[in-house]
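Scroll down for the structure; my scribbles are underneath it.
What follows is calculated from the coordinates using simple rules that are stated; it is not laboratory data. It should be emphasised that the depicted structure is a prediction, and the values quoted were computed from it without experimental measurement. Glycine gets a Cβ as well: all are built from the backbone with ideal geometry, and neighbour counts include every protein chain shown.
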Amino acid sequence: LDRVTTEHDDAAAPPPELREEYAQLAEEVATHQVAYHQKDAPLVSDAEYDELIHRLRRIEAEHPELKSADSPTEQVGGAPSEAFAPVDHIQRLYSLEDLFSREELRVWYDRAVASLQRQRPEEKPRWLVELKIDGLAINLLYRSGELVRAATRGDGITGEDVTHNVRTIKDIPQTLAGENHPEELEVRGEIFMPSADFEAFNETLISAGKPPLANPRNAAAGSIRQKDPAKTAKRPLSMFVHGIGARSGLELTSQHEAYDQLAAWGLPVSPYTEILDTFEQIEAYLDRYQDKRHDLVHQIDGVVIKVDDFTHQRALGHTSRVPRWAAAFKYPPEEVTTELLDIRVQV
Ligand code: NAD
């Protein structure tokens, strides 16, 4: 068997030019990750970045021996910036697997269904489908109903303490409504600048002779990572919840039950979320929001599909980077001309 493996490896050994391409590509992707996640100043569009990281993943799939443990394909976001105090999340935050076509979505869906079918043959999964908000992930920590800390995702284990800035966002309650709050509760959500506010904010920048912000995601990230909370307070920011982390003594059975509970405590929950049963229903949701994507409160870059039941989520588990119970379907990039900037940009 050893001999067969060796022969196979020899046959698949990457040619030197591929090694070189791989090393260059890995360095380029790592540079873009730092520019995007740590400096809020991307050097290329998301579509261009996605193409580069896709190529990197393809090479790694064909030649796993090239891949090192610190490959950019294994990173969740970026290391926390030294400009903010580091915060260790109680429960880790993950990224999402990207799916770029209906075919990729079908493969992911079938694999999840088959895995659940093997583990829990009597049960049929339901799908919680929601919009992928183009903003910045935040982890809120409430102790006995009081907001005590807010941190960016960072590398998923350690984030940046942005509590003072997050306290300026009106939609995020300082004290939860209702009662029976857990001693400890981590709420995950996406901070965004609403599309209409983003355009108005950019107009004020332009009339003041300043450069406009590149896009709402960048605007949200840049606004939250200000050193001076008074500056953040002037930015129109909002948030929708999209997850729950550590929770002491709170019994919940599903993602939708978690959202209902968080909404009852006054946290902002997206109005666009639906619970669906079949692949066809998920496709219809993708079609619906592809047409409406520019008429929403916030910008989106896709749709997130999650297995709803927490028992099913646990059965599917995680890789080191992403949950296997959720995935992000990305809409193809489209060329649009913004009236405001009068340049062609990709969204
Ligand atoms: P991601 O943005 O593709 O997906 C994970 C994140 O989605 C989560 O952390 C969460 O913050 C967010 N999210 C939004 N709505 C959500 C919802 N309803 N449910 C769950 N999560 C939701 O992954 P990522 O690791 O943050 O970054 C990759 C993205 O960043 C890609 O879109 C990529 O194009 C972009 N990027 C661009 C550049 C560039 O140079 N332009 C560089 C690096 C990354």
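Quick notes on this one:
- Across the alpha-carbon atoms of region 158-241, the computed radius of gyration and Dmax are 14.6, 51 angstrom.
- Distances between every pair of Cα atoms in region 5-104, grouped in 5 Å steps from 0 to the bin holding the largest one, split as 2, 10, 18, 20, 17, 14, 9, 5, 3, 1, 0 percent.
- Full extension of the chain between residue 158 and residue 196 gives 10.4 nm of extra length, using 0.36 nm per residue less the Cα-Cα distance.
- Candidates 127, 325, 108: whichever shows maximal mean-square fluctuation once the chain is modelled as a Gaussian network with Cα springs under 10 Å: 108
- The helix-based estimate of mean residue ellipticity at 222 nm for the chain, built from -39,500 (n - 2.57) per DSSP H run of four or more residues and divided by its residue count, is -11000 deg cm²/dmol to the nearest 500.
- Spin-label model distance (nm) - residue 92 vs residue 143, 7 Å beyond Cα toward Cβ: 2.6
- Residues in region 124-140 that a label on residue 253 would reach, taking backbone N under 18 Å of a point 7 Å out along Cα→Cβ: 124-128
- Over all orientations, region 29-68 has a Cα convex hull whose mean projected area works out to 2.9 square nanometres.
- Segment residue 113-residue 50, extension gain: residue separation times 0.36 nm, minus the distance between their alpha carbons: 20.0 nm
- Computed Kirkwood radius, in angstrom, where 1/r is averaged over Cα pairs of the chain: 21.7
- Our coupling estimate for region 218-224, obtained by passing each phi through the Karplus curve with A = 6.51, B = -1.76, C = 1.60 and θ = phi - 60°, is 5, 5, 5, 5, x, 5, 6 Hz, Gly and Pro reported as x.
- Secondary structure note: in the chain, about 90% of the DSSP beta bridges are antiparallel.
- Of the GluC sites (Glu not before Pro) in region 9-74, not one is in a loop by DSSP (not H, G, I, E or B) with at most 10 other beta carbons within 10 Å.
- Which listed pairs, of 210/306; 39/234; 124/330; 124/170; 39/67, have C-alpha distances above 31 Å, in listed order: 210/306; 124/170
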